[in-house]
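Presented below is the structure to which this report refers.
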Amino acid sequence: MKISQSNYLNMSNAVLVHFDNNAQVWTGIRIVVECVGKLRTILIDITDTATIQSKNNPVGHTASKEQAREELEDLVYRTALRVRSYAGIVGDEVLLEKMRFSRSSLDRMGINDLLTHSRLILDACVPHLPALGEYQVDQITVDELQQRIEQTSHLYAQRDTVIDQRMEATARLQRLFDELRKQLKTLDDLVEGYIDDYVFAATYFNARRIHDLKNRKQGKDEKDV
């Protein structure tokens, strides 16, 4: 949630508390009751959506998937070097050609290309077991390579899901805040037009103005409230 949104939410909650603490002033006015009820629903939705947004922070997932990718690249390249040695000695030009790539070329690959390339290396190793054992490429190496491929694929998919959920929550927050602003504008008119309690109305509009002053001092490009 943006700072301006957080400030606006705090102000809106303060307004709702003001209504709740002075229920006797407005609960007999049906249209005010309906508007306050709608305000309450919107604020609950905003709080719930903000919780979803904060839980779906991709920072930790990004770090995990980058580490997994680095470890996969290291293993793929180390394995390819050893298989390349074997292919060169036995004269297997087809296998040798599959193993001819640089470490930097792995860095430049997109994740899908890297996963595909890693699987090709894995598949190329299997038919040559156990002859590769002398070159320190055995079933344990193959199993580890398979595990790292699956782990990296899972982490990237998980990170993408987190990003999608966060983007969805962020977009929903914007829509909810637009709805909240409209609801408070309506409430402004209702308080001014239907509430005869001067102290109640003055306190209400003071809470609304405090938010506006804070935003102007912070230089926020906020919509009219």
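Here are the numbers for the structure shown:
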| read-out | value |
| --- | --- |
| Distance cut-off 25 Å, percentage of C-alpha pairs in region 1-138 lying past it | 57 |
| Packing-based ranking, highest mean first, of 194-202, 138-146 given that Cβ atoms within 10 Å are counted | 138-146, 194-202 |
| Separation of the THR51 and PHE205 label points, Cα + 7 Å toward Cβ, nm | 3.6 |
| For region 9-143, size of Cβ-based charge dipole, Lys and Arg +1, Asp and Glu -1, in debye | 480 |
| Listed residues SER12, SER64, SER105, most fluctuating in the chain (Gaussian network, C-alpha, under 10 Å) | SER105 |
| Cα pair distances of region 160-203 binned at 5 Å [whole percent] | 5, 19, 16, 12, 12, 9, 9, 7, 6, 4, 1 |
| Test item: Cα-centred dipole of the chain, Lys/Arg +1 and Asp/Glu -1 on Cβ, debye | 720 |
| Probe 1.4 Å, protein heavy atoms only - accessible area per residue of region 104-165 in square angstrom | 58 |
| Among ALA157, ALA23, VAL83 the positive-end extreme of the charge dipole of the chain (Cβ point charges) | ALA23 |
| GNM top mover of ALA207, ALA169, ALA68 - the chain, alpha-carbon springs below 10 Å | ALA207 |
| In Hz, Karplus ³J(HN,Hα) per residue of region 183-192 (6.51, -1.76, 1.60; θ = phi - 60°; x = Gly, Pro) | 5, 5, 4, 4, 5, 4, 5, 5, 5, 5 |
| Sulfur and carbon atoms: percent of accessible area, the chain [1.4 Å] | 51 |
| On Cα atoms only, tilt of 30-55 relative to the major axis of the chain in degrees | 20 |
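The values are calculated or read from the model by the stated rules, or taken from the named source; none is laboratory data. Quantities reported herein were computed from a predicted structural model and do not represent experimental measurements. Cβ sites come from the backbone with ideal geometry, for glycine too, and all protein chains shown count toward neighbours. Heavy atoms of the whole protein, side chains included, go into the accessibility calculation; ligands, DNA and RNA do not. Shrake-Rupley method; radii C 1.70, N 1.55, O 1.52, S 1.80 Å.
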